[in-house]
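The values are calculated or read from the model by the stated rules, or taken from the named source; none is laboratory data. Bear in mind the structure is a predicted one, so any value in this text is a computation, not a measurement. Cβ placement follows ideal geometry from the backbone for every residue including glycine, while neighbour counts extend to all protein chains displayed. SASA here: full protein model, heavy atoms, side chains in, ligands and nucleic acids out. Shrake-Rupley method; radii C 1.70, N 1.55, O 1.52, S 1.80 Å.
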Protein chains: 2
Amino acid sequence: MLSGVRSAARKRLFRSDPAELLGVANWSETGGGGAGGHQHWWTALENNFVLEATDDEYGGVVVDADRLPADRAAFARSLAASLSYWKSVGKKGVWLKLPVDLAEFVPLAVKEGFKYHHAEEAYLMMTYWIPDEPNMLPANASHQVGVGGFVINDQMEVLVVQEKYRGSSLDGVWKLPTGFILASEEIYTGASREVKEETGVDTEFVDVVAFRHAHNVAFHKSDLFFICMLRPVSSEIKIDETEIQAAKWMALEEFVKQPFIQEDHMFQKIMDICIQRLRKCYCGLTPHHVVSKFDDRTSTLYYNVAEPEDVNCSAA
Amino acid sequence: MLSGVRSAARKRLFRSDPAELLGVANWSETGGGGAGGHQHWWTALENNFVLEATDDEYGGVVVDADRLPADRAAFARSLAASLSYWKSVGKKGVWLKLPVDLAEFVPLAVKEGFKYHHAEEAYLMMTYWIPDEPNMLPANASHQVGVGGFVINDQMEVLVVQEKYRGSSLDGVWKLPTGFILASEEIYTGASREVKEETGVDTEFVDVVAFRHAHNVAFHKSDLFFICMLRPVSSEIKIDETEIQAAKWMALEEFVKQPFIQEDHMFQKIMDICIQRLRKCYCGLTPHHVVSKFDDRTSTLYYNVAEPEDVNCSAA
């Protein structure tokens, strides 16, 4: 489970025991000469200060990104001293988050053996795996999530678009509105939002009818694409001109007959499913809010619940 | 659509037009003095060389990571010159991938206004959005994908585990084997692999019965968790001692009666669904390989197909 890295109650702040760091068993005794001797220890301590960090639940440490040294030389010294210390006390994984304004520390951490883990606009996360055993640190995010909206009105017309940026094989092709869900967005809100942005049409989410899993897509990551049935609650079309060339309501029969769909096994199957769903011969997955004590998190569980009129679907 | 960034046929390699770069309308004419004059232009060109890059499908450029200058000073000069050039020719997004062995270039690119986009162990991807309009560059990966295996044998016993690293609220709790799918792994293989790793039991994938969508989980990313029904094809238990405390076959009734499940709305619902599925009163989603002409990609489409004996499920 990944959860430990960020959901872990930060158990205790620690700094190194100064004596341990300097390899002296009992420094308060050995340093107890004159004021000059004392000064010597403090200077050494300040030069070798172990980075502020908290323990994680898996025997590792998370460096405090808000308390990093101010300059390159101090950071380089502290990082080396910290690694020695963490190794000596048997720590496993080290998490080092470098804010973008400390980008000059990145090459220093690489030199010390840290690896890139993931990055967001505000920071680069680096890691160091200490033990002589396989790296158990969790991987970074692996998937993009897209949505496609099957929006059909009472006249059996489907809401379709032509995209502005498309391969030439898609010239003249009318397709369903699609897009990526935003950070922390729900699938059901993302599908309605994309349809609204691309076509101006308001919709209500009905269900997820199927999903597609593909690999090695953007930045070599994987892709989950959810095909969603939506009910239109407005009809006037107003396109987003930055992304969309044209949008319209198109007779379902005409839409399905396009060579692009007829020749494409995947789209044909998706359209079969949508049509079965329309005829109430297919159960989609509907979103339900659930709270789990396991992680005290509100989340959305998608499962089959037949509508009362879906006589063929016994999943209720 | 994200696809352009990496699936784009790289349309043409370009270097800047030297005259445009140096602000000279027609350099071959102005430079046409003696050999000394010519030399002058070439030296200037070499000092200001625009980075090798290819156009993407969206009016942007992708810097060639294999042909970056060798040292910091040359990189800084080239990056500044390149940005001036790309701005002058109306380019939009710039993609700059810095391999980890060129980490020393990271602070230089930050100084020039580049932002972190994402990172993998081998590189950091940085971007620069040139136009005076909202940034249209695609986001980085947004989700982790997990799987949970509901494995039940003919004696109505469920395969359960106790994890080694768990919150104290889970002490003594028996739960389903769970884990994250690996890079480019299928949900159906990931579920079987996790069950095998944690318990030693071999299984066949049956279907996805439901999925959970949660936000702000690991590294503030979102999480999709697929609950999978699996059929055991072996019974002997052999645990992975690095992750698992114990594993066993547990009577379904006893498993469901655990206070942990009784008090947790989400797990109770998941168990209801799994039991309905066992009674063939619920349709799960099964994986089907599909190829799409749209992107020439083999992928997996998950949808309902009733088994012949599922008399209540008309999705076939």
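General remarks:
- Screening A:Arg72, A:Arg77 for residues that are more than 23 Å from the chain's Cα centre (by Cα) and at pLDDT below 95 leaves exactly one candidate, A:Arg77.
- Only listed residue being in a strand (DSSP E or B), more than 13 Å from every other protein chain (Cβ to nearest Cβ), at pLDDT 95 or above and open to solvent by 40 Å² or more (accessible area, probe 1.4 Å), chosen from A:Lys248, A:Lys238: A:Lys248
- One residue from A:Leu230, A:Leu301 being in contact with a strand residue (DSSP E or B) (Cβ under 6 Å, 6 or more places away or on another chain), at pLDDT 90 or above and within 7 Å of chain B (Cβ to nearest Cβ): A:Leu301
- Checking B:Ser222 against (1) in contact (Cβ under 8 Å) with a residue 60 or more places away in the chain; (2) polar (S, T, N, Q); (3) open to solvent by less than 20 Å² (accessible area, probe 1.4 Å); (4) more than 11 Å from every other protein chain (Cβ to nearest Cβ), the condition it does not meet: (4)
- Search result, residues across the range A:141-158 that are part of a loop (DSSP other than H, G, I, E, B), of a type in the set (A, V, I, L, M) and open to solvent by less than 40 Å² (accessible area, probe 1.4 Å): A:Ala141
- For B:Lys293, the requirement of being more than 31 Å from the chain's Cα centre (by Cα), over 30 Å from B:Asp171 (Cβ atoms), among the basic types (Lys, Arg) and at pLDDT below 85 is not met.
- Checklist (1) crowded, with 20+ Cβ neighbours inside 10 Å; (2) not assigned by TED's automatic domain parsing to the domain that holds B:Cys274 applied to B:Val161, failing item: (2)
- Residue list for the range A:197-219, restricted to those being surrounded by fewer than 18 Cβ atoms within 10 Å (Cβ to Cβ) and within 11 Å of chain B (Cβ to nearest Cβ): A:Asn216
- Test for A:Val100: is it within 13 Å of chain B (Cβ to nearest Cβ) and touching a strand residue (DSSP E or B) at 6+ places or on another chain (Cβ under 9 Å): yes
- Of all residues in the range A:257-280, those that are open to solvent by 30 Å² or more (accessible area, probe 1.4 Å) and within 21 Å of A:Val208 (Cα to Cα) total 10.
- Residues in the range A:214-235 that are assigned to a strand (DSSP E or B) and more than 21 Å from B:Glu120 (Cα to Cα): A:Phe225, A:Phe226, A:Ile227, A:Cys228, A:Met229, A:Leu230, A:Arg231, A:Pro232.
- Failed item in (1) within 12 Å of chain A (Cβ to nearest Cβ); (2) surrounded by 22 or more Cβ atoms within 10 Å (Cβ to Cβ); (3) out of contact with any Lys or Arg (no Cβ under 7 Å at 6 or more places or on another chain); (4) in a strand (DSSP E or B), with B:Glu194 passing the rest: (4)
- Test: residue in the range A:281-297 that is in a strand (DSSP E or B) and either in contact with a Pro (Cβ under 9 Å, 6 or more places away or on another chain) or not assigned by TED's automatic domain parsing to the domain that holds A:Glu163 (or both): no
- Top-ranked residue of the range B:103-118 - restricted to ones that are farther than 26 Å from A:Lys221 by Cβ and open to solvent by 40 Å² or more (accessible area, probe 1.4 Å), ranked as nearest to the other protein chains (Cβ to nearest Cβ): B:Glu104
- Residue-level check: of (1) surrounded by fewer than 16 Cβ atoms within 10 Å (Cβ to Cβ); (2) closer than 25 Å to B:Phe114 by Cα, A:Val89 misses just (2).
- Tally of residues being in a helix (DSSP H, G or I), more than 7 Å from chain A (Cβ to nearest Cβ) and touching a residue at least 40 places away in the same chain (Cβ under 8 Å) across the range B:256-280: 5
- Given (1) over 30 Å from B:Glu194 (Cα atoms); (2) out of contact with any helix residue (DSSP H, G or I) (no Cβ under 6 Å at 6 or more places or on another chain); (3) open to solvent by 40 Å² or more (accessible area, probe 1.4 Å), index of the condition B:Arg166 fails: (1)
- Residues in the range A:149-165 that are within 11 Å of another protein chain (Cβ to nearest Cβ) and within 18 Å of A:Ile270 (Cβ to Cβ): A:Glu163 alone.
- The residues of the range B:169-186 that are buried (at least 22 other Cβ atoms within 10 Å of the Cβ) and within 16 Å of B:Ile270 (Cβ to Cβ), listed by number, are B:Leu176, B:Pro177.
- Taken over the range B:128-140, the criterion of being surrounded by 24 or more Cβ atoms within 10 Å (Cβ to Cβ) and assigned to a loop (DSSP other than H, G, I, E, B) is satisfied by B:Asn140 alone.
- The set of residues in the range B:281-293 being within 7 Å of chain A (Cβ to nearest Cβ) and surrounded by fewer than 18 Cβ atoms within 10 Å (Cβ to Cβ) consists of B:Cys281, B:Val291, B:Lys293.
- Single unsatisfied condition, A:Glu121 versus (1) open to solvent by 30 Å² or more (accessible area, probe 1.4 Å); (2) more than 8 Å from every other protein chain (Cβ to nearest Cβ): (2)
- In the range A:176-202, the residues that are within 17 Å of A:Ile239 (Cβ to Cβ) and modelled with pLDDT of 95 or more form Cβ pairs under 6 Å with partners that are open to solvent by 20 Å² or more (accessible area, probe 1.4 Å) and aromatic (Phe, Trp, Tyr), at six or more places apart or across chains, as follows: A:Ser192/A:Phe205.
- Exclusive hit being at pLDDT 90 or above and either charged (D, E, K, R) or in contact with a strand residue (DSSP E or B) (Cβ under 6 Å, 6 or more places away or on another chain) (or both), set A:Ala218, A:Ala210: A:Ala210
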